[in-house]
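A short write-up of the structure that comes next.
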């Protein structure tokens with residue numbers, strides 16, 4: 001048995017579980033899972049379409065706020081094909097935030113990204129965590145795991161290590177350092 005935000009999950013119906021997933025959990029997928037013919041703002045609005053308490057205006061406002069949070073307010077009307085991989089991932093993060101969930105589950109959210117964009121994404125997650133969001137981040141990259149306060153290591157489905165990180169790396173600082181090196185390389 002487990003609770004999520006004070007609600008016992010065990011005996012909930014499928015509809016109740018779907019409601020919990022929509023309201024309390026945000027999902028960020030490695031492959032973004034954006035609808036290809038839908039703009040960034042429309043992709044972010046999708047989870048809100050199941051909330052019958054919001055007006056169309058409120059839905060649009062929330063989607064715009066979420067895209068602003070991830071630095072994409074200038075790409076609202078772009079489809080996924082018109083966005084870089086990092087921008088697509090930020091749209092996916094905005095979509096995960098739009099319902100103001102308690103927990104965000106991110107599955108290999110930097111797996112398809114270059115290092116600079118990975119730092120940008122991790123910086124967003126760290127900022128969200130500082131503002132009270134619980135982030136559960138799956139990664140195979142040790143360098144990415146160093147941005148978290150706790151690392152739980154599994155092998156073949158078994159827990160082999162649970163560590164509180166003493167020296168949490170700051171993704172924003174790593175990004176700045178990377179950009180400084182990038183200037184030297186060019």
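The values are calculated or read from the model by the stated rules, or taken from the named source; none is laboratory data. Just so we're clear, the structure is a prediction, and the values are computed from it rather than from any experiment. All Cβ positions, glycine included, derive from the backbone under ideal geometry; neighbour counts span all protein chains shown.
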Completion exercise
For the range 105-146, the count of residues that are assigned to a helix (DSSP H, G or I) and out of contact with any strand residue (DSSP E or B) (no Cβ under 6 Å at 6 or more places or on another chain) equals 17
Practice task
Tell me, yes or no, whether the range 78-89 has at least one residue that is at pLDDT below 95, touching a strand residue (DSSP E or B) at 6+ places or on another chain (Cβ under 8 Å) and buried (at least 20 other Cβ atoms within 10 Å of the Cβ).
Solution key: yes
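Taking only the range 22-37 into account, find how many residues are surrounded by 15 or more Cβ atoms within 10 Å (Cβ to Cβ), in contact with a helix residue (DSSP H, G or I) (Cβ under 8 Å, 6 or more places away or on another chain) and in a loop (DSSP other than H, G, I, E, B). Break it down into steps so the answer makes sense when it comes.
Let us first name the residues in the range 22-37 that are surrounded by 15 or more Cβ atoms within 10 Å (Cβ to Cβ), namely 22-30, 32, 34.
Now narrow it down to the ones that are in contact with a helix residue (DSSP H, G or I) (Cβ under 8 Å, 6 or more places away or on another chain): 22, 26-29, 32, 34.
Next cut, in a loop (DSSP other than H, G, I, E, B) only: 29, 32, 34.
Within the range 22-37, residues that are surrounded by 15 or more Cβ atoms within 10 Å (Cβ to Cβ), in contact with a helix residue (DSSP H, G or I) (Cβ under 8 Å, 6 or more places away or on another chain) and in a loop (DSSP other than H, G, I, E, B) number 3.
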Problem - Residue match in the range 94-104 (condition: on the phi > 0 side of the Ramachandran plot, touching a strand residue (DSSP E or B) at 6+ places or on another chain (Cβ under 9 Å) and assigned to a loop (DSSP other than H, G, I, E, B)) - result: yes
